[in-house]
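One structure below.
The values are calculated or read from the model by the stated rules, or taken from the named source; none is laboratory data. A quick note: this is a predicted structure, and the numbers were derived from the prediction, not measured. Because the Cβ atoms are built from the backbone with ideal geometry, glycine has one as well, and the counts that use them run over all protein chains shown. Remember, those area values only see protein heavy atoms, side chains included, never the ligands or the DNA or RNA. Shrake-Rupley method; radii C 1.70, N 1.55, O 1.52, S 1.80 Å.
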Amino acid sequence: VQLQASGGGLVQAGGSLRLSCAASGGTSSSYGMGWFRQAPGKEREFAAAISWSGRSTYYADSVRGRFTISRDNAKNTVYLQMNSLKPEDTAVYYCAARWSIGLSSISNEYAYWGQGTQVTVSS
């Protein structure tokens, strides 16, 4: 499975961005997906996850209520809608896939990773 993340950029605080993660080489509906992020000098952290069906989602406390994860299995694509962005959301965002129908916030449980897309939020 190959994952290609896109949609990052520079935005002012309070603004919005939508990230996309296109999957190829597999059937997207067969696996759970997640978004992680890594800020400069910090460890990679969990942001959001979605089940294979899209019916279940899970968010880190730091993004809950501002970010929305969704998926379109017909397009083999997962999205992360980010609203009310804050400077502390600045990071490289990675999408990841795991061979499980459930949710996980544990990065080691994800077997496939995209290349990352930079999100920069200015104050």
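Numbers for the structure displayed
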| quantity | calculated |
| --- | --- |
| Accessible area (Å², per residue) of the chain, counting only protein heavy atoms and a probe of 1.4 Å | 49 |
| With every protein chain in place, the chain: carbon and sulfur % of accessible area (1.4 Å) | 46 |
| Rg and Dmax of the chain, Cα atoms only, in Å | 13.2, 40 |
| Orientation-averaged projected area, Cα convex hull of region 69-123 (nm²) | 4.7 |
| Cut-off under 5 Å, modelled amide H: who pairs with residue 116 long-range | 5, 95 |
| Gaussian network model of the chain, springs between alpha carbon atoms under 10 Å - residue of 108, 73, 83 with greatest fluctuation | 108 |
| Residue-wise HN-Hα coupling along region 46-55, computed from phi with Karplus coefficients 6.51, -1.76, 1.60 (Hz; x: Gly, Pro) | 6, 10, 7, 9, 9, 6, 4, 7, x, 7 |
| Computed FRET value (nearest 0.05) for residue 105 with residue 75, which takes r as the C-beta separation and R₀ as 22 Å | 0.35 |
| Protein-only accessible surface order, largest first, of 61, 72 at 1.4 Å | 61, 72 |
